[in-house]
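See structure below.
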Amino acid sequence: MNIVVKRAGVGLAATAVAILAGCSGSGSTSGGAQQPNTGFFNLSVSDSPIRNAEKVCIKFDGVELKRADDAAPIDIDFDEPVVVNLLANQGAVSETLVSTEVEAGIYEWIRLKVDAARGNGAGIDDSDPMDPECIDEENGSYLLTDTGSLFNIWVPSGDQRGLQLISDITVPANSSGNYTAEWDLGMSFIAPPGLGTGEAIMRPVVKLVANDEVGTLDGTVADALVTPNPPDPAVCDTVDGLGPMIYVFEDNGIMDDPVNGDDGSLVPVATGLVDQDMQGMPYTYEIGFLLAGDYEVAFTCNGTDFIPGTGKFAEIFVGEVTTVDFLAEDAPTQN
């Protein structure tokens, strides 16, 4: 696939910002030798998965890049759309969406051009949730569950304005700027009543990170925490509820209500599913593309009751894997 880089008119400048906080498909490089005062911009996609889904297929038509010192963004258009199965790239795994030569310098935002409109009827020919390949490239974005239920994905205003990620993006001269758009799917999907059968609203929570500033968190979770006997918390439902998950917080202490906090400000910076590769195997998790720094990590079955209640400390290092395990003795003492 070829991509076409061109300078857009000032009238195409962004007016809306999506809150962005995981993924297959590929772009391609522009041809020719690298010119002076240029560098390569490389963008990959990855995701934190959601339960009960086998495919989350997002259609990309290209991206826009906006230099900090230029009024007009640069259009990077794909000559053919790229459909990315986000669930094929979980944890620390990612896949390249764009790799192309651009003018070196500082860019203040990037916009992902997504095709995700209401009523597209995307995915109607995809009846195999177990096949990781996405199809139906002409009709937008879609979600396919593990039971074969199909949902057209609608990103409000996304089809017109795309998804804008605000970040300082550096493309060094005669070198590469390597970035990953990490999607948190568990915090992105809603399906309010009245939207219509087969439609799912996606309000993407995506963070853009520089690949040379991130590390990975992983670990195991004791069976006794996922399936306690007697049950405590009372529900660890992998079908209708959130199911067992890991929440990662900034290292500022976990309160009684860590999702909302006393002032509504304490929210997780990342989440990850706790799952088994097969029955009888340990419960594990992996969360990739965390910025280097200090965090608190907690296990939960319902998003409100955390084990341990004060979290576990985790320090993330660039290019390294930090392991935090959750043991049976981390559970609250039964009275």
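Annotations for the structure displayed:
- Being of a type in the set (Val, Ile, Thr), in contact with a Leu (Cβ under 7 Å, 6 or more places away or on another chain) and modelled with pLDDT of 90 or more is not true of Ile307.
- Hey, Gly194 outside any strand (DSSP E or B), surrounded by fewer than 20 Cβ atoms within 10 Å (Cβ to Cβ), outside the structural domain of Pro244 (by TED's automatic domain parsing) and at pLDDT below 90 or not: yes
- Among the residues of the range 92-112, those identified as buried (at least 18 other Cβ atoms within 10 Å of the Cβ) and either in a loop (DSSP other than H, G, I, E, B) or not assigned by TED's automatic domain parsing to the domain that holds Lys59 (or both) are Ala92, Ser94, Ala104.
- Test result for Ser127, in the same structural domain as Ala173 (by TED's automatic domain parsing), farther than 19 Å from Val45 by Cβ and among the hydroxyl-bearing types (Ser, Thr, Tyr): yes
- Of all residues making up the range 125-145, the number that are within 22 Å of Lys113 (Cβ to Cβ) and aliphatic (A, V, I, L, M): 2
- Candidate set from the range 78-116 (those that are small (Gly, Ala, Ser) and at pLDDT below 90); member that is farthest from the chain's Cα centre (by Cα): Ala92
- Applying the set (1) among the charged types (D, E, K, R); (2) surrounded by 15 or more Cβ atoms within 10 Å (Cβ to Cβ); (3) within 22 Å of Phe189 (Cα to Cα) to Glu133 leaves exactly one unmet item: (2).
- The condition (being of a type outside the set (Ser, Thr, Tyr), within 24 Å of Glu80 (Cα to Cα) and surrounded by fewer than 19 Cβ atoms within 10 Å (Cβ to Cβ)) is satisfied by just one residue among Asp168, Asp125, Asp115: Asp125.
- Tally, over the range 267-311, of residues that are among the β-branched types (Val, Ile, Thr), part of a loop (DSSP other than H, G, I, E, B) and closer than 17 Å to Asp325 by Cβ: 1
- For the range 132-161, a residue qualifies if it is among the acidic types (Asp, Glu) and at pLDDT 90 or above, and exactly one does: Glu133.
- Test: Ile124 is closer than 30 Å to Lys66 by Cα and among the aliphatic types (A, V, I, L, M): no
- Yes/no for Lys66 being closer than 17 Å to Tyr142 by Cα and part of a strand (DSSP E or B): no
The values are calculated or read from the model by the stated rules, or taken from the named source; none is laboratory data. Values in this document were obtained by computation on a predicted structure and should not be read as measured data. Glycine also receives a Cβ, built like all others from the backbone with ideal geometry; neighbour counts cover every protein chain displayed.
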